[in-house]
Structure formats: structure tokens, C-alpha cells
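Reviewing the structure listed below.
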Amino acid sequence: MKYDYLIVGAGLFGSVCAQKLKEAGNKVLVIDKRPNIAGNVYTEKIEGIHVHKYGAHIFHTNLKEVWEYVNRFAEFNRFTNSPVANYKGELYSLPFNMYTFNKMWGVVTPQEAADKIAEQRKEITGEPKNLEEQAISLVGRDIYEKLIKGYTEKQWGRDCKELPAFIIKRLPVRLTFDNNYFNALYQGIPVGGYTKMVANMLDGIEVLLNTDYFDRKAEFDAMAEHVIYTGPIDAYFNYELGYLQYRSVRFENELLDQPSFQGNAAVNYTDRETPWTRIIEHKWFEFGKDDDGNDIPKTIISKEYSSEWKFGDEPYYPVNDELNTKLYQEYKKKADEEEKILFGGRLAEYKYYDMDMVIDSALRLCKEIIA
Ligand code: FAD
Ligand code: UDP
């Protein structure tokens, strides 16, 4: 056979596998149906700005091995994510911390904030059963109503009572003055964009773009000993057990002839009425400078509109509720029976993975394969 591995998908999972397997002496072919590498972390340079085309991506991790790995392929800048929440024109700091509590309640000390939360959390008795209960139990009803409910219902298209509690546990709650959105040891944005980082991973590896695996599956399978598939697991089985649900996102991009629109990379619109969830102003991921360190006179913003995925849309967020989890388990059983195909990544594992977890999972898979 011509190749040891065919890798379907040039996103992070596929690219890390390709890099590791090639390094171990395998012949690898990567294919992707999109016209670009890097999957959802793809960035494109427009007017000197690295635009995150499939949604804003901030790299953050506690995994030293993953951090050292990505640093082989890119230099990371010191960007720290500190989004601002805009609730009907009132601005609040995120994640929930002393700046947020001070603005919401006028409290000044951590004890005052803790007391306020304790008083509001009393309405929840027992283990929180859904996102609403979890949120109130973490930060109280006032913050839930102004900063969580509207945003979450727009983002997920579902009532907060129908969503799993774990989604909101991703956000830190701090009784300190710290606007860092992530509890991570390492954080930053790759200098020169994510596409460059992934291109460095794929250096010397054959890549075919605009190539859908399912258009010529038998032909591709015959080319390689093994296949690593990183597309949606239900698509692999031609949706025979039914569709897994996803949330999709539509991005409305605008190039503005002004140096700044909102003065921050991310502003979340947490009311229910504003149709978009957030606005990203891409230049602030790199402090408003181009690759040569010059101030950029223009700016590019993206409004994000969340929608239910339907056939033909780009799947973004898996909806990890009970029904979908059950359906995924059924697909997983079928996947385990496939002999030469390995399934990995956010879509094939139907998991709400951050980039570092995807990379970690790919590194583990390759360790197993190579050992
Ligand atoms: P993908 O990037 O989706 O790659 C899969 C690839 O497979 C795609 O390129 C696709 O075109 C290709 N493919 C699928 N089917 C086929 C087929 N039939 N034939 C050929 N190719 C195919 N993580 C963070 O750590 N920080 C963040 O700030 C962050 N922000 C995010 C924002 C948004 C809007 C979203 C949706 C996700 C965010 N993530 C973030 C998560 C991050 O995007 C993922 O963890 C990561 O990109 C997943 O990599 P992957 O390789 O598994 O999947
Ligand atoms: N969230 C919220 N208000 C915000 C930001 C986030 O209620 O201003 C909730 C929302 O339910 C979201 C979850 O917190 O799905 C996790 O947020 P995160 O920013 O981690 O989501 P991501 O877009 O990275 O998946």
C-alpha cells in the first residue's frame, strides 16, 4: 500500500497525528474537505489582522507536555482572555470575580461577595440538577439572570433547565480581582496565526484539500493500512441511527475603517434580545499590531449568531445532553467494530473538547500506536 496512514481531517487532531506518525517513520496522507488546513482553528490574514474564521480561539492549558509540544511549532504571545459582558449597556467583567460582584452589588470585600452569593444560593437545595440550578448555586440569581440566562439560551437554543450543569462549571468563580477567563498555567495566541502553526506541524506531509473522504471512500481506504477519521461519527455511518445534534455558528464579519470598535477581543451580549451572542474584534488577540509590530489602522469584527445545526451546516458544538450521549454511545459501539479505522477528535468522539484536550488525546493515541 502507498501509505501507512490516511488521516481524514486537517484539524488539530489530524495534524498532530500526522506529525507524530511521520516523525515515527510512517508514510502519511492527510485529506480535508475544506479548502484550508487547520480545521476550526484556521486563521486568515486580512488587512494585517489574523482573523479567526471559524470562531475565536484562545489557547490555554495546564498540560505541560501539550504546551511544550505546541511551542515546537509556534511562538505564543502573552494574550490573556478577559471578555467583557454587555447586559443592555451595563458592562461587567468576566469571568465572575470581585470586579463583577462589585459592579453587580456594590460589595467591596471578598467576604461581602461570599455572603451575597450564599444568601442567593439558598434557593437551591440538594445537588444542582441542571444548568440553571448549577449557575444559581455558583453565583446567585442576580448574576444568573443578567450574565448567564440570556447568553446560554441564545448559545444553546435550549432552556437553562434542560441543559447539563457541567457546561457552566467551565467558568471560574473567584473572590479575587482577576479577570483571566481561564484557570490555566499556560495561555496565549500563536504569533503569525494558528494556520502557520498547523502548517509547521504538517511540514513535509502530503495534504489534499477540497477532498471529501466519502466521495471516494473505497479508493482512499485501499491506499492506506490504517485510517484515522476526525469527522462527525454519525456522518461516517451515514446517519443510519439518526442525527447527533450540534450547535452551529454563523459569523458576520465587518471590516471597519477605524482603529478600534470595542477595545477588547471579546464582548459577550448577555441579554436575550440582542440576536448575536458575542462580538470578536480580532486585532486585540495581537494587541492591535501586525506581524511587523505596526499599529493596524483598520479593524475587523465578527458577530456570532448561534443556531441549531442542520444537514449541510458546519457542526461546531456537540450537544452533550442525555439523548445525544446515548445515541453517541450506540455509534461508538459500531465504531469499535471497524477494523482499520480509528476515530478521534471533537466530532468523531462527540466531545466538547478544548484545543489542548484534542492535542492531548491525539498525542496519547499516537503513543499507543507507535509503542
Ligand atoms: P476540527 O477542527 O473540526 O477538524 C476536523 C476536520 O475534519 C475539519 O477540517 C473538517 O473539514 C474535516 N472533515 C470532516 N469530515 C470530513 C470528510 N468527510 N472528508 C474530509 N475531511 C473532513 N478551544 C480552545 O481551546 N480555546 C478556544 O478559545 C476555543 N474556542 C472555540 C470556539 C468555537 C466557536 C468552537 C466551535 C470551538 C472552540 N474551541 C476552543 C474548540 C476547538 O475548536 C477544538 O477543540 C478543535 O479545533 C478540534 O479539533 P479537531 O481536529 O478535533 O476538529
Ligand atoms: N456563559 C454565560 N455567559 C457568558 C459566557 C459564558 O452564561 O458571558 C456560559 C454559556 O452557557 C457557555 C458556558 O458558560 O456555554 C461556557 O462558556 P465558554 O466561554 O467556556 O464557552 P465556549 O464558547 O468556549 O464553548
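What the table shows:
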quantity	calculated
Alpha-carbon Debye profile of the stretch 81-163, log10 I(q)/I(0) at 0.12, 0.14, 0.23 Å⁻¹	-0.35, -0.48, -1.16
Computed Kirkwood radius, in angstrom, where 1/r is averaged over Cα pairs of the chain	22.1
Mean shadow area of the stretch 9-122 over all directions, Cα convex hull, nm²	12.3
Interchain or long-range residues, amide H under 5 Å from A165's placed H	L131
Pairwise centroid distance, computed over Cα atoms, of the stretch 152-226 with the stretch 38-55, Å	13
Furthest towards positive pole of dipole, M201, N71, G263, structure part the chain, Cβ charges	G263
Probe 1.4 Å - accessible area at V267, Å² to nearest ten	10
³J(HN,Hα) computed for each position of the stretch 185-197 - Karplus, 6.51 cos²θ - 1.76 cosθ + 1.60, integer Hz, glycine/proline x	5, 10, 7, x, 10, x, 5, x, x, 5, 4, 5, 4
Whole-percent carbon and sulfur share, accessible surface of the chain, 1.4 Å	49
Overall Cα dimensions of the stretch 311-370, principal axis frame, Å, largest first	35, 28, 24
Per-q log10 I(q)/I(0), the stretch 278-319, q = 0.34 Å⁻¹ (Debye; single scatterer per alpha-carbon; no solvent)	-1.18
In range of the label at L175: residues from the stretch 88-115 whose backbone nitrogen is under 17 Å from the point 7 Å along Cα→Cβ	96-103, 105-115
Sites L91 and E65, calculated FRET efficiency, Cβ-Cβ separation with R0 41 Å, nearest 0.05	0.60
Long-range amide H partners of L342 with built H, under 5 Å	V227, I228, Y229
Mean ellipticity per residue at 222 nm, deg cm²/dmol - from DSSP H runs of n ≥ 4 across the chain, formula -39500 (n - 2.57)	-8000 deg cm²/dmol
Inter-label distance, nm, simple model (7 Å from Cα along the C-beta direction), N183/N200	3.0
Vicinal HN-Hα couplings computed from phi for the stretch 158-165 (Karplus, 6.51 cos²θ - 1.76 cosθ + 1.60; Hz; Gly/Pro x)	9, 5, 4, 6, 9, 9, x, 4
Amide H partners (placed H, <5 Å) of N97, local residues excluded	R174
Solvent-accessible area per residue for the chain (1.4 angstrom probe, square angstrom)	46
Accessible area in the full protein assembly, largest first, 1.4 Å probe, for M355, M98, M223, M1	M1, M223, M355, M98
Vicinal HN-Hα couplings computed from phi for the stretch 303-309 (Karplus, 6.51 cos²θ - 1.76 cosθ + 1.60; Hz; Gly/Pro x)	8, 9, 10, 8, 8, 6, 5
Normalised convex hull volume, the stretch 110-205, alpha-carbon set, Å³ per residue	165
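The values are calculated or read from the model by the stated rules, or taken from the named source; none is laboratory data. For clarity, every value in this text was computed on a predicted model and none was experimentally measured. Glycine also receives a Cβ, built like all others from the backbone with ideal geometry; neighbour counts cover every protein chain displayed. Each accessible area value is taken on the protein alone, full model and side chains, heavy atoms only, with ligands, DNA and RNA left out. Shrake-Rupley method; radii C 1.70, N 1.55, O 1.52, S 1.80 Å.
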